[in-house]
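> Please read through the structure below; I'll follow up with questions.
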Amino acid sequence: MPTRLQSPEAKPPRPLTIGGEDFYPGDRGVVDIPIGSLIDYQPVTMTVHVLRGKKPGPCLLVSAALHGDEIIGVEVIRRLLRSTALKRLRGDLIVVPVVNMPAFLSHSRYLPDRRDLNRLFPGSPKGSLGGRLAYAFLNQVVMQCTHAIDMHTGAVGRPNLPQIRVSPGDHEGYEMAKAFKPPVVIETSLRAGSLRETLYSRAKPCILYEAGEAHRLDSDAVRYGLRGVVSVMRYLEMLPQEKRAEGGFSSRRSRTVVSTMTSWSRAPRGGVFAPEVGLGKAVTPNMELGVVADPFGRHETPIKSRVDGVVIGISREATVNEGDGLFHIAVTQDPARAESQILQSDEQLEEHQEERAEPFVGW
Ligand SMILES: [Zn+2]
């Protein structure tokens, strides 16, 4: 009998190994990766969902709560996992709803030793708890992926307009950022020890979604996030293209504002802070953005913008110290146009039909 030549298709598919478990095309499962233990002897684990399409394609990581009090991405991922669109997945989707469980448990941005996990990459297996966490996440999860979306929020009382941050020179990341269709895309430099820097140095495209504030869910921030992740998956051809309704939302051009520089307007002195502009609003040099007043009614000092741009972050604190950052502004050449583009983005989100979801059954 002649030896039958095996076609490339006949080769057994290679497993995707996460946390020591093998996943084959068509598999869907959950792994708890051990990280260490806490003061009460309780184990710390990282829960990872792995969804493999039957057909090959990119491997996308979607992660949230790298800072433990930034919850919007956790909710985006919860809704993403129920989306019926995932039945038609091509390639692999790896999602980590809570990267930093020790910080999540204490409602804190930081690890129990007050360190910032997003400054500890690439980590070490013999380092601090955070260093071990960074190492396990990077080596057991992140390195399996070809593309990444990491989800963050502003600090407590400092909400951000939904925005994507991308590293200068990350060309594929920039295409993902545009596909996400956020109101604003900002090119920001890399911070040493961050996940984004680590991925950049390994030539893996990565975008960072920033929306809303710590401790809180915000409906628009969640909806922009979910729509954005699905849109990026369509761009990467992991999901089929959206059916374009004649004259409907899908046929309209994206209105994303792109900025390469941001600026803070700070409190000129301490006191009671009364803002006069909100998120998404256009500002011009010397325009009054609000005032800081002394609580006894003797002084009132205007807060001025130094640049042309739109407000992408704001402080909601009623009392401030001199120097506190009050307005974060994305610099743009035509602020009025940028403000109207942001308004149109919000209108498009209103019209967007949310992804259909499976009834909740748990896993
Ligand atoms: Zn963060």
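Where a number appears in this text, it was derived from the coordinates with a stated rule and is not lab data. Being a predicted model, the structure only gives us computed values, none of them experimental. As a convention, Cβ positions derive from the backbone with ideal geometry for all residues, glycine included, and neighbour counts pool all protein chains shown.
> Work through the residues other than R306 whose Cβ is under 15 Å from its Cβ and net out their charges, Lys, Arg +1 and Asp, Glu -1.
Charge balance near R306 sits at 0.
> Further question: Show which lysines lie in cross-link reach of K54 when reach means a straight Cα distance below 20 angstrom and same-chain residues fewer than eight apart are skipped.
In chain and number order, the partners are K11, K87.
> Another question, then. Picking from P13, P25, P183, which is most flexible by a Gaussian network model of the chain using Cα springs under 10 Å?
P13
> Listing H299, H152 from the residue with the fewest other Cβ atoms within 10 Å to the one with the most, what is the order?
Lowest count first: H299, H152.
> Note the per residue figure in Å³ for the convex hull of the C-alpha positions in the range 95-249.
Taking only Cα atoms, the range 95-249 has a hull volume of 121 Å³ per residue.
> Using only the alpha-carbon atoms, what does the range 263-349 span along each of its principal axes? Please give whole angstrom values in decreasing order.
44, 24, 17
> Stretched out fully, how many nm does the piece from R114 to F360 gain, at 0.36 nm a residue minus the Cα gap?
Contour length minus Cα-Cα distance gives 85.0 nm.
> Now a separate question. For the chain, give the magnitude of the charge dipole about the Cα centre (Cβ charges: +1 Lys/Arg, -1 Asp/Glu; no others), in debye to the nearest 20.
The calculated dipole for the chain is roughly 1100 debye.
> Among A293, A155, A65, which one shows the biggest mean-square fluctuation in a GNM of the chain, springs joining Cα atoms closer than 10 Å?
Answer for the Gaussian network model of the chain: A293.
> Which net charge results when you count Lys and Arg as +1 and Asp and Glu as -1 among the other residues whose beta-carbon is under 14 Å from that of G270?
Value of the local net charge: -2.
> Further question on the same structure: Gap in Å between the Cα centre of the range 109-130 and the Cα centre of the range 272-314?
Measuring centre to centre over Cα atoms gives 36 Å.
> Once the other residues with Cβ under 10 Å from the Cβ of P205 are scored (Lys, Arg +1; Asp, Glu -1), what is the net sum?
-2
> Still on this structure: Determine the dipole magnitude for the range 25-174: charges of +1 sit on the beta-carbon of Lys and Arg, -1 on that of Asp and Glu, nothing else is charged, the reference point is the Cα centre, and the result goes in debye to the nearest 20.
Roughly 440 debye for the range 25-174.
> Can you give me the long-range amide H partners of T153? Hydrogens built in the peptide plane at 1.01 Å from N, cutoff under 5 Å, separation of 5 or more residues or another chain.
When sequence neighbours closer than 5 places are left aside, the close amide H contacts are A211.
> Quick check on my link table: of K178/K281; K55/K178; K243/K281, which ones sit more than 30 Å apart, alpha carbon to alpha carbon?
K243/K281
> For the pair S128 and R266, what calculated FRET efficiency results from E = 1/(1 + (r/R0)^6), where r is the Cβ-Cβ distance and R0 = 25 Å, to the nearest 0.05?
That pair, R266 with S128, gives E of 0.15.
> Average the reciprocal distances over every distinct pair of alpha-carbons in the chain, invert the result, and give the Kirkwood radius in Å.
21.8 Å
> Same structure, new question: How do I314, I303 line up, fewest other C-beta atoms within 10 Å first?
I303, I314
> Then there's this: Using Cβ counts within 10 Å as a stand-in for footprinting exposure, how do C206, C59, C145 rank, fewest first?
C59, C145, C206
> Then there's this: Can you find, among N160, L208, C59, the residue farthest towards the positive end of the dipole of the range 15-242? Put +1 on the C-beta of Lys and Arg, -1 on that of Asp and Glu.
Among N160, L208, C59, the one farthest towards the positive end of the dipole of the range 15-242 is C59.
> Within the range 91-129, name every residue whose backbone N is under 11 Å away from a label modeled 7 Å from Cα of R202 along the Cβ vector.
Output list for this probe position: 122-123.
> Moving on. Over the chain, what is the relative contact order in percent, taking alpha-carbon pairs closer than 8 angstrom and at least six residues apart?
RCO, the chain: 15 percent.
> Taking the chain as the reference, fit the longest principal axis to its C-alpha atoms, fit the long axis of helix 335-351 to the helix C-alpha atoms, and give the angle between the two in degrees, 0 to 90, nearest 10.
On a 0 to 90 degree scale, this one is about 50.
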